[in-house]
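Q: What follows is a single structure, and I will ask about it in a moment.
What follows is calculated from the coordinates using simple rules that are stated; it is not laboratory data. Nothing here was measured: the structure is a model prediction, and the numbers come from that model. Every residue, glycine as well, gets a Cβ built from its backbone with ideal geometry; the counts of neighbours run over all protein chains shown.
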Amino acid sequence: MPTIDPIYIGDDAFQRLAAYCADSFPDLPITLVADTRTFAAAGDNSARALAAAGRAVRSVILRGDNLHADEYGIARVLTASPYGEALFVAVGSGTITDITRYVSFRLGMPFVSVPTAASVDGYTSAGAPLVIEGIKRTHYSQPPLAIFADPAVVKRAPAELTAAGVGDMLGKITAAADWRLGALLWGEAYDEAIALRSRAAAQTCIDSIDEIAQHSDVGLGRLMQALVESGLCMLDFGESRPASGAEHHISHLWEMGGLQDGGPQPLHGAQVGVATILVARLYARLRELTRGDVRRLLEEAAAEGRAGDVAEIEAAYGSMAPTIIAEHAGFLEMPAEREAALRSTLIERWEDVQAILSSVPEAELIERLLRRVGGPTTTADLGLSQARARSGFLYGHYLRERFTAAKLARLLGVLRYPL
Ligand SMILES: [Zn+2]
């Protein structure tokens, strides 16, 4: 299991970074990747500390607001980086970190993270969420070897980034419940200890929401720790399952649509937060079903078969449909025996399913928490059209071959929008 050492959050983060690089990579030149904002926030200080320690630093500073973790963003960092071996230092939040993570990984070079905002849980993870050929998914990559965060930098980050961090963390509530559904109904690999850690990290945010809203040192420290812990859960499990469920699939589809349109995008965590409210509402809807309802709904849905799914994918994904269909074969070409087993488990163990459904709080609580930190709570707040909001909610579950509340609702024929 890879380890990240140290994960340092403290006032002398830049000096610690320089000392770490001197100790661990004394001979490698350093390629520091930032955008203009994150360079001003922490890149300049990092470069100075490294230069003061006698290191050769080449800064790759990306300009413009429209930077995404996609082919273009990857190519920009790759072509601007000096040729040859280097230690990559990513100074930024999600996008810069994920691009640098991936570029360094593919070059076979080490990478260190200097987070500039408590906005996302990906700092400590190994996977890189990238949009490639229009499809967003997590690509195999590498975790940073070490992390150095200055709390003063995180504190100065725009409030919307902190609110996005809260949104990403609240998503763990539905992600954890989805994971348990996957383990019970679809036989997915599950690790109870990791699931509890991920859920506990989300609870820390809920319990500290007033401090986070005030941007106090304590509040931002707890949020950062929670985001780090969520990323470590992904790292320890080996994939994003502990931290990503239906709420992430919905947000990914929204994001893919936004990238096709071009222009500025809402922050990842902002989209996840709004999607979490919708998924919490879906959980409430599913809780209303009795075992008798489930039996009846399954009989009705059996008549339709999986042809309806293929038609939905083709309508929603257009030219990407063949890729989505191929990667969703486990569900679309489910053998009759497996489908029968799934149906009987659903009926026989409906109490156990209900217990999982009950672990997700009412949507109003998520909404209140997001409002408390000034985050968006509706798809309109995110600037999404009704059509895009609907498409993400109804068809996001086809993006991954994972079992979620959305998948359960689709199987029962009760996945509808608006809810
Ligand atoms: Zn996320």
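Q: How far, in nm, would the chain grow between Glu314 and Glu288 when pulled straight, counting 0.36 nm per residue and subtracting the alpha carbon separation?
A: Numbers: separation 26, 0.36 × 26 = 9.36 nm, distance 3.11 nm.
Contour length minus Cα-Cα distance gives 6.3 nm.
Q: Treating the stretch 7-157 as a set of equal point scatterers at the Cα positions, no solvent, please give the Debye-formula log₁₀ I(q)/I(0) at q = 0.13 Å⁻¹.
A: These q points yield log10 I(q)/I(0) values of -0.50.
Q: Can you list, largest first and rounded to whole Å, the semi-axes you get for the chain by taking the square root of 5 times each eigenvalue of its Cα gyration tensor?
A: Values: eigenvalues 298, 97, 73 Å².
Taking √(5λ) for each Cα gyration eigenvalue gives 39, 22, 19 Å.
Q: At most 13 other C-beta atoms within 10 Å and a DSSP loop state: those are the exposed chymotrypsin sites (Phe, Trp or Tyr not before Pro) I care about. Give me the longest piece of the chain that has none.
A: Details: sites that count: Tyr83, Tyr140.
Longest site-free region, per DSSP loop and neighbour criteria: 141-419.
Q: Now for a separate question. In square nanometres, what is one fourth of the surface area of the convex hull spanned by the alpha carbons of the stretch 257-296? List each step's numbers first, then the result.
A: Values: hull surface 16.9 nm².
It is 4.2 nm².
Q: Suppose R0 equals 41 Å; then what is the FRET efficiency for Arg349 and Asp261 from their Cβ-Cβ distance, rounded to the nearest 0.05?
A: So, using R0 = 41 Å, E works out to roughly 0.45.
Q: What is the projected area of the convex hull of the Cα atoms of the stretch 278-345, averaged over all directions, in nm²?
A: On the way: hull surface 22.7 nm².
That works out to 5.7 nm².
Q: Please report Rg (one decimal) and Dmax (integer) in Å for the Cα set of the stretch 68-177.
A: For the stretch 68-177, the Cα radius of gyration and maximum Cα-Cα distance read 14.2, 46 Å.
Q: Any idea how far apart Gln203 and Ala301 come out in nm if each label point goes 7 Å out from Cα toward Cβ?
A: 3.0
Q: How big is the charge dipole of the stretch 7-157 about its Cα centre, in debye rounded to the nearest 20, if each Lys and Arg gets +1 on its Cβ and each Asp and Glu gets -1 on its Cβ? Walk me through the numbers on the way to the answer.
A: Numbers: 13 positive and 14 negative charges, 30 e Å.
I would put it at about 140 debye.
Q: By how many degrees, between 0 and 90 and to the nearest 10, does the Cα long axis of helix 94-107 differ from the longest principal axis of the chain?
A: The answer is roughly 80 degrees.
Q: Can you pull the one-decimal nm distance between simple spin-label points at Gln15 and Glu401, each 7 Å off the Cα toward Cβ?
A: Each label point lies 7 Å from its Cα, and together they span 5.2 nm.
Q: Hey, got the dipole for the stretch 355-419? About the Cα centre, +1 on K and R Cβ, -1 on D and E Cβ, debye to the nearest 20?
A: On the way: 10 positive and 5 negative charges, 38 e Å.
Dipole about the Cα centre, nearest 20: 180 debye.
Q: Per residue of the stretch 323-340, in order, report the coupling 6.51 cos²θ - 1.76 cosθ + 1.60 (Karplus, θ = phi - 60°) as ³J(HN,Hα) in whole Hz, putting x for Gly and Pro.
A: Ordered by residue, 3J(HN,Hα) equals 5, 4, 4, 4, 7, 10, 4, x, 8, 5, 10, 4, x, 4, 5, 5, 5, 5 Hz.
Q: Taking the beta-carbon count within 10 Å as an exposure proxy, list Met109, Met224, Met334 from fewest neighbours to most.
A: Details: Met109 19, Met224 23, Met334 16.
Going from sparsest to densest Cβ surroundings: Met334, Met109, Met224.
Q: For each of Lys136, Lys172, Lys155, count neighbouring Cβ atoms within 10 Å of the residue's Cβ, then give the residues from fewest to most. Provide the component values of the computation, followed by the final result.
A: On the way: Lys136 23, Lys172 31, Lys155 16.
So the residues, fewest neighbours to most, are Lys155, Lys136, Lys172.
Q: Would you mind getting me the FRET efficiency between Ala80 and Gln386? Use the beta-carbon distance for r and R0 = 45 Å, nearest 0.05.
A: On the way: r = 40 Å, r/R0 = 0.88.
For Ala80 and Gln386, the calculated efficiency is 0.70.
Q: Please compute the modelled spin-label separation between Asp27 and Ala52, points set 7 Å along Cα→Cβ, answer in nm with one decimal.
A: So the two model labels end up 2.8 nm from each other.
Q: For the chain, find the longest principal axis of its Cα atoms and tell me its angle to the long axis of helix 268-287, 0 to 90°, nearest 10.
A: Once rounded, one gets 20 degrees.
Q: Roughly how many debye, to the nearest 20, is the charge dipole of the chain about its Cα centre, given +1 on each Lys and Arg Cβ, -1 on each Asp and Glu Cβ, and no other charges? Numbers along the way, then the final one.
A: Numbers: 39 positive and 51 negative charges, 78 e Å.
In debye, rounded to 20, the chain gives about 380.
Q: Which three semi-axes in whole Å describe the equivalent ellipsoid of the stretch 20-90, each the square root of 5 times a Cα gyration tensor eigenvalue, listed largest first? Could the numbers behind the result be given before it?
A: On the way: eigenvalues 99, 44, 14 Å².
Its equivalent ellipsoid spans semi-axes of 22, 15, 8 Å.
Q: Something else: Using +1 at the C-beta of Lys and Arg and -1 at the C-beta of Asp and Glu, which of Thr38, Gly396, Leu130 has the Cα lying farthest in the positive direction of the dipole of the chain?
A: Looking along the dipole axis, the top candidate is Thr38.
Q: So, one more: Report Rg (one decimal) and Dmax (nearest whole number) for the stretch 161-411, counting Cα atoms only, units Å.
A: Radius of gyration, then largest Cα-Cα span, for the stretch 161-411: 18.0, 57 Å.
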